[in-house]
Every structure is written in C-alpha cells, then in structure tokens.
Amino acid sequence: MGSVQRAMRLLETVAAHEHGAPAKQLARETGLALPTAYHLLRTLVHEGYLRRDRGLFFLGEAAERLSSSGAQQKRRSTVIDTLARWRDAVGVPVYYAVYREGEIGLVGVADTPANPAVEEWADFRETAHAHALGQCLLAQLDDAARRDHLDRYPVRPVTPYTVRDAASLLRRLERARETDLVIERQEYALGTVCAAIPLRVGATAASVAVSLPVHQADRLLPTVQRLQAEMRCLLGSLALCISI
C-alpha cells in the first residue's frame, strides 16, 4: 500500500508540471528519497503511466487514458443528473439521444417505477423512422445524410401505425424541421405516444423526448412545453456533455 501511495504522489506531482520535471525535483516535491523516486519512476515509465524525454518526466498514455475515462464518466453523470431533474419537473420519462457517425445512440433515459420508459422491443438504431427521437434526429440531418441512413435502414412497419414509406417519412421530417417538434402516436410501441424536440449544440444532432400512455395523449403537448422551459434553465450543463 505504501508503494502505491508513493507512486500516486509521483503521478500527481508530474501532472502538475505541464512541461515535465526531472527526477530530483519530483523526489524533493514528494518528499521521497531519490533512490525510491528513481525506482518508482522507472516502474511507472515501464507500465506506460509516465514517459521520459531528455531527463524530464511527463504523463504517459496509460495515465492519459485514465484521465479521459474519468472525464467521460463525469460527463455521463452530468447527463444522468440533468435528465433526472427534467423527469422530476415534467413527471414523465425523459430520453436523450444523439446521431453520430451514421448511427443513433440512446445516451440516457430517466424514468420511475410509477412511470416507466418505453421498452426497446425493436432495435432502436434500425427503427428511427418509427420513434419520435429517431424522426427528430433525422430531421436535423442534411438530405444526403438522411437518405444514406434510410438506404441502410429502410422504412418498414413496426406497428400498424408506423409511417408506411420513405416518401411519407421525408415529408414528415420537413414539417418537423419547421416546427422543431415531432409527435408520434403508437408508431414504435402500441399504447404509447411520444414527442421529441431537437437539441442543437454545434454540429451534433441531438434530441430530447418524453413518452406517455396513449390514454393520456392530451397531456403530451403541455408536457413538452414544460420540458422546453426546463431545458432553457439547464441546457448549458447538457450541452457540455453532447460529445459522449
């Protein structure tokens, strides 16, 4: 345990020196005997946590991967917390998805046992034409990217209410671009209505959606409007995390 603690102190000290530091300076700043510091530094270099260049020590690739992973976890935690706040504010499940590298990714869902999210019973990536999130994301793409997606994932029936063909879907997507709103009624899951709104930050297409049981469809539009108001308050927090 003592060796681990000393190695961590060395890593933290190296990280504080953007332009690198020599072994003697690191030993002095960590309070380690020079032979101990040399031994630990050699070990950390061998394991990839440090690298040595012209007598100076810098963070290595392994340490940078740890740092990147920690930052990503922090961003994901921010997303989860933000979605939970929106869920509590509107009282229904809230979904967040992005379109990246030609694929739809469901980043997060916030629901409760009393108001569960829609079960992903058909592959989410392949059924963008059927659910509100997917339609909202496709509406944000340019014509070439949209047609490329539909060539790879053609329009097909998911429920009896699913849009029937690509031409009808494209017309709907154009309307969605004008209104910044997609409403879908039982097209992906029977007994459920959903609404999605775009979340534009930079070049990334993203969307936030809510769902309700079909017998509460009259609540859908007021719920979306309340969600939009809540999003204006916390958009900055989520905007920083869109790169997940």
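Out of R51, R6, R28, one residue alone is within 39 Å of the chain's Cα centre (by Cα) and assigned to a helix (DSSP H, G or I). It is R6.
Answer yes or no: is there a residue in the range 124-143 that is open to solvent by 10 Å² or more (accessible area, probe 1.4 Å), part of a strand (DSSP E or B) and among the aliphatic types (A, V, I, L, M). No. With the requirement that a residue be assigned to a helix (DSSP H, G or I), open to solvent by 40 Å² or more (accessible area, probe 1.4 Å) and modelled with pLDDT under 90, what does the range 9-25 give you? The answer is R9, E12, A15.
Of the set (1) open to solvent by 80 Å² or more (accessible area, probe 1.4 Å); (2) at pLDDT 90 or above, all apply to L41 but (1). Residues that are modelled with pLDDT under 95 and among the polar types (S, T, N, Q) within the range 109-132 comprise T112, N115, listed in sequence order. Taking first residues from the range 4-28 that are over 10 Å from L40 (Cα atoms) and acidic (D, E) and partners that are open to solvent by less than 40 Å² (accessible area, probe 1.4 Å) and part of a helix (DSSP H, G or I), the Cβ contacts under 9 Å between residues at least 6 apart in sequence or on separate chains come to E12/T30. Hey, does the range 89-102 have a residue that's modelled with pLDDT under 95, under 19 Å from the mean Cα position of the chain (by Cα), farther than 24 Å from R172 by Cα and not small (G, A, S)? The answer is no, given that none of the residues of the range 89-102 is modelled with pLDDT under 95, under 19 Å from the mean Cα position of the chain (by Cα), farther than 24 Å from R172 by Cα and not small (G, A, S).
Criterion applied to R85, R76 was being modelled with pLDDT of 90 or more, in a helix (DSSP H, G or I) and surrounded by 14 or more Cβ atoms within 10 Å (Cβ to Cβ), and the one residue passing it is R85.
The values are calculated or read from the model by the stated rules, or taken from the named source; none is laboratory data. Keep in mind that what you see is a predicted model, and the values were worked out from it rather than measured. Methodologically, a virtual Cβ is constructed for each residue, glycine included, from the backbone with ideal geometry; neighbour enumeration extends over all protein chains shown. To get the accessible areas, we keep the full protein, side chains included, count just its heavy atoms, and leave off ligands, DNA and RNA. Shrake-Rupley method; radii C 1.70, N 1.55, O 1.52, S 1.80 Å.
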